[in-house]
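Trainee: Please find one structure pasted underneath; my questions will follow.
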Amino acid sequence: MAVLALELYYLILDHLDDFQDRSTIIQYGLVCKDWLHSSRSRIFSDVQLNDLTIGPFFDIVGSETSLLPVTHFIRNLSLFDTEQGHFKNEFDHIRRLGTCPGVKSLHLGLLDYDLDRHCAFLGTILPCVSSLAIGSKVSISPRFILEAIPRFAKLESLTIHDMSRRLFVGYTIPTKYRFPESLSAVDVLDSSDADFFRAVLSLDPAPRFSSISIRSSRPSVDVESFLGKYIIMIGHSLRHLSLYDCSYSPHENSEAIALWYSTGLHSLYLTDKFSLDTLLSRLLMFLPFLRSPTLTKISIAYDAITLKATAATPRLWHEIDAALAGEAFRRLKTVVISWPTHVDDQRWEECLPLSNARGILKFECGVGDEGSK
């Protein structure tokens, strides 16, 4: 049995209200050289630290004598600034991480000056990071984000969540800037998709992302929108597309959907939490333009609690079912319907009888975060 460190009790008294701190506290108390590697791997695979907890964390784990230090087991690392302070004076603690080749996912919730100060070093000690998420409760300068990205040579997936949603408004990416060639997936929460893709399209050449997730308000794939123009530009290269807050945009031209050019699309994920009618109507708007022979999965997620999921819009469900029965969707393998509450499978089957007969329906209780996969 592991012995809880004395420091643990002080940490519990001081930091009971913060989820990230509680998660770290658990890790503090389970540092013991007698634990099996398999147990330590499970405990320390996901580590979240902020400027208040990183010092005590290394004060405790740094004193252990195991042949494999705790940092060897970290796979997902999160570093956050708090409202009380920031990482300005924590560089020495970050250095104590040493080289961590096992870390594949890095989440940075740092302020501008901390992001700029630490990313060069983090890119050196975390050489195998393939997934990078950058987000803060306050607005971050796009310049610092763009400078951080190339620090990670094996980066494949980038998430930018600016909680102020004003990140790329009016910002122009320097023309000489290049995203890493390995970067294939982007997940963006900003004021609108227009701001990010307007900036990306200004590059020559522009990066060709194969997986795109947009979490802005009413993302538009009209051919005149910046997202639409980007989709047209990359054409066959787009494999996965996820659109959140997918209610119908009154500015979208239903006769000019850029998805017509996405002839290599594999999966489409649509979700909304405000209106089921508009979510289904938008899917119906998209279906005539989905002509990719490789499209095998369509996911619909309604993130609102309702017991009238199938009764509310039977006409729309039937229209979707009829459209999916067309020749263009003969290779479709899965239609995923996600709901926050359980709905009798039989009711879904009655709404989508043709799809049910093909055996392609899949029902999920609980709206997850599928992202762009």
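Trainee: For region 342-352, give me each residue that is touching a strand residue (DSSP E or B) at 6+ places or on another chain (Cβ under 9 Å) and modelled with pLDDT under 70.
Mentor: Selection gives His342, Val343, Asp345.
Trainee: Taking the residues in region 274-309 that are touching a strand residue (DSSP E or B) at 6+ places or on another chain (Cβ under 9 Å) and of a type in the set (D, E, K, R) as candidates, determine which candidate is modelled with the lowest pLDDT.
Mentor: Asp303
Trainee: Of all the residues that make up region 131-170, how many are in a loop (DSSP other than H, G, I, E, B), surrounded by fewer than 16 Cβ atoms within 10 Å (Cβ to Cβ), modelled with pLDDT under 90 and out of contact with any strand residue (DSSP E or B) (no Cβ under 8 Å at 6 or more places or on another chain)?
Mentor: 5
Trainee: Can you find, within region 265-301, the residue that is surrounded by the fewest Cβ atoms within 10 Å (Cβ to Cβ) among those that are in a helix (DSSP H, G or I) and among the charged types (D, E, K, R)?
Mentor: Asp277
Trainee: Given the criterion modelled with pLDDT of 90 or more, in contact with a Ser or Thr (Cβ under 6 Å, 6 or more places away or on another chain), under 19 Å from Phe286 (Cβ atoms) and outside any helix (DSSP H, G or I), identify the matching residue among Ser213, Ser249, Ser220.
Mentor: Ser213
Trainee: Specify the residue that is surrounded by the fewest Cβ atoms within 10 Å (Cβ to Cβ); the eligible residues are those in region 193-210 that are touching a strand residue (DSSP E or B) at 6+ places or on another chain (Cβ under 9 Å) and assigned to a loop (DSSP other than H, G, I, E, B).
Mentor: So the residue we want is Pro207.
Trainee: For region 255-287, what are the residues that are under 18 Å from Ile360 (Cα atoms) and touching a Cys at 6+ places or on another chain (Cβ under 7 Å)?
Mentor: Leu270
The values are calculated or read from the model by the stated rules, or taken from the named source; none is laboratory data. Keep in mind it's a predicted model, so treat the numbers as computed, not measured. With ideal geometry, Cβ positions are generated from the backbone for all residues, glycine too; neighbour counts draw on all protein chains shown.
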